[in-house]
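Below is one structure, written out as structure tokens; comments come after it.
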Amino acid sequence: MSASLPFFRYHPDPLASGSIRAAADACACCKRNTGWIYTATFFTAHEVNGRFCPWCISDGSAAERFAGEFTDSYGTTLRPCPTW
């Protein structure tokens, strides 16, 4: 793997935020130990055992393989129920 992490347009410094950290874990998608692992949330209906490397996130393979997203497209804000 390349020594430099991939660039994420909407998250330019994932190391500073703690979304990516150094780790000896193997990636749940490519099964490689790249030395880096994603620590934040992944939204999917599938069971995922482990975390992803930055390269599988960057190239889209993690999202495609597990039919998921790295952003909450449904939102986490509760919507009020209509009053009857």
**Prompt:** Within the range 21-36, is even one residue in a strand (DSSP E or B) and of a type in the set (Val, Ile, Thr)?
**Reply:** no
**Message:** Just to verify a result, which residue in the range 5-14, among those that are at pLDDT 90 or above and open to solvent by less than 80 Å² (accessible area, probe 1.4 Å), is farthest from ASP72 (Cα to Cα)?
**Reply:** LEU5
**Request:** Look at the range 22-31 and say how many of its residues are open to solvent by 40 Å² or more (accessible area, probe 1.4 Å) and small (Gly, Ala, Ser).
**Result:** 3
**Asked** Here are some conditions: (1) surrounded by 14 or more Cβ atoms within 10 Å (Cβ to Cβ); (2) over 21 Å from TYR74 (Cα atoms); (3) among the polar types (S, T, N, Q). SER19 meets all but one. Which one does it not meet?
**Response** (2)
**Message:** Kindly evaluate ALA26 against the criterion of being without any contact (Cβ under 8 Å) to a residue 24 or more places away in the chain and over 21 Å from GLU69 (Cβ atoms).
**Reply:** no
**In the range 35-47, the residues that are modelled with pLDDT of 95 or more and small (Gly, Ala, Ser)** = GLY35
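So which residues in the range 51-63 are part of a helix (DSSP H, G or I) and surrounded by fewer than 18 Cβ atoms within 10 Å (Cβ to Cβ)?
Correct list: SER58, SER61.
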**Request:** Kindly provide the set of residues from the range 29-66 that are small (Gly, Ala, Ser) and in contact (Cβ under 8 Å) with a residue 40 or more places away in the chain, ordered by number.
**Result:** SER58
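Okay, residues lined up against (1) modelled with pLDDT under 90; (2) open to solvent by 60 Å² or more (accessible area, probe 1.4 Å); (3) not hydrophobic (A, V, I, L, M, F, W, C):
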{"position": "ASN33", "(1), (2), (3)": "no, yes, yes"}
{"position": "ASN49", "(1), (2), (3)": "no, yes, yes"}
{"position": "ARG65", "(1), (2), (3)": "no, yes, yes"}
{"position": "GLY68", "(1), (2), (3)": "no, no, yes"}
{"position": "THR71", "(1), (2), (3)": "yes, yes, yes"}
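The values are calculated or read from the model by the stated rules, or taken from the named source; none is laboratory data. The model shown is predicted, which means the values in this text are computed figures rather than measured ones. Glycine gets a Cβ as well: all are built from the backbone with ideal geometry, and neighbour counts include every protein chain shown. Each accessible area value is taken on the protein alone, full model and side chains, heavy atoms only, with ligands, DNA and RNA left out. Shrake-Rupley method; radii C 1.70, N 1.55, O 1.52, S 1.80 Å.
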